[in-house]
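Here is the structure we will look at, set down as structure tokens.
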Amino acid sequence: MSAQLISILVLVVIFVLATTRSINMGALAFAGAFLVGTLAGGLDTDGIFAGFPGDIFVVLVGVTYLFAIARANGTTDWLVAAAVRLVGGRIALIPWVMFVVTGALTAIGAVSPAACAIVAPIALGFAARYKISPLLMGAMVVHGAQGGGFSPISVYGSIVNGIVERNHIAG
């Protein structure tokens, strides 16, 4: 069996184990990388670590930690409340506020699912209270999260910029 097929099978096993048991998928992936690398790929420890993007990992952990601090100290809740106060009584602007807030959260470091998980319940509460289409509100939240992902300091932007820099591609 080829190393590529073995790695795909190990990946499937990792997904199954992580979704059916309370085991961290990242920890399983590290173990799987070492198993596949040593047994199927013929690599030593240094060879396996050479393929790991440590710089991107540090950026990802740092940005995620910064966002977690903003969430824990109430900055994100303040941002939503301030944005809603900004539109006053103009209900038609509330979906746009949710778009901008979700985009801002993603742009400063939240991963898209986290930003949606934070803003969506608030947005859907506004939708029910002010008779706004929940489909419209949900779409604005999701698209705001995706729009914020284009920021150079977002999780996705920092990963892409790191890969571009590491491969000496002009920005």
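The values are calculated or read from the model by the stated rules, or taken from the named source; none is laboratory data. No experiment lies behind these values; they were computed from the predicted model shown. Using ideal geometry, Cβ is built from the backbone for each residue, glycine included, and neighbour counts are taken over all protein chains shown. In case anyone asks, the SASA skips ligands and DNA or RNA and just uses the protein heavy atoms, side chains included. Shrake-Rupley method; radii C 1.70, N 1.55, O 1.52, S 1.80 Å.
Being at pLDDT 90 or above, among the aliphatic types (A, V, I, L, M) and open to solvent by 90 Å² or more (accessible area, probe 1.4 Å) is the filter here, so list the residues in region 130-162 that pass it. If the condition is that a residue be at pLDDT 90 or above, among the aliphatic types (A, V, I, L, M) and open to solvent by 90 Å² or more (accessible area, probe 1.4 Å), then Leu135 is the only one that fits.
Need a quick list: helices (runs of 4 or more DSSP H) entirely within region 1-115 having at least 3 residues that are open to solvent by 60 Å² or more (accessible area, probe 1.4 Å) and either at pLDDT 90 or above or over 24 Å from Val142 (Cβ atoms) (or both). So that I can check it myself, show each step before the final result.
On the way: elements: 3-20, 25-35, 45-50, 54-72, 75-86, 94-107.
So the answer is 3-20, 25-35, 45-50, 54-72, 94-107.
Would you mind stating whether Ile118 is under 30 Å from Gly26 (Cα atoms), β-branched (Val, Ile, Thr), touching a residue at least 12 places away in the same chain (Cβ under 8 Å) and assigned to a helix (DSSP H, G or I)? So Ile118 passes the test.
A search for C-beta distances below 8 Å between a residue of region 73-94 that is closer than 20 Å to Leu135 by Cβ and any residue that is among the aliphatic types (A, V, I, L, M) and in a loop (DSSP other than H, G, I, E, B), counting only pairs 6+ apart in sequence or on different chains, returns Ile91/Ile132; Leu93/Val87; Ile94/Val87; Ile94/Ile132.
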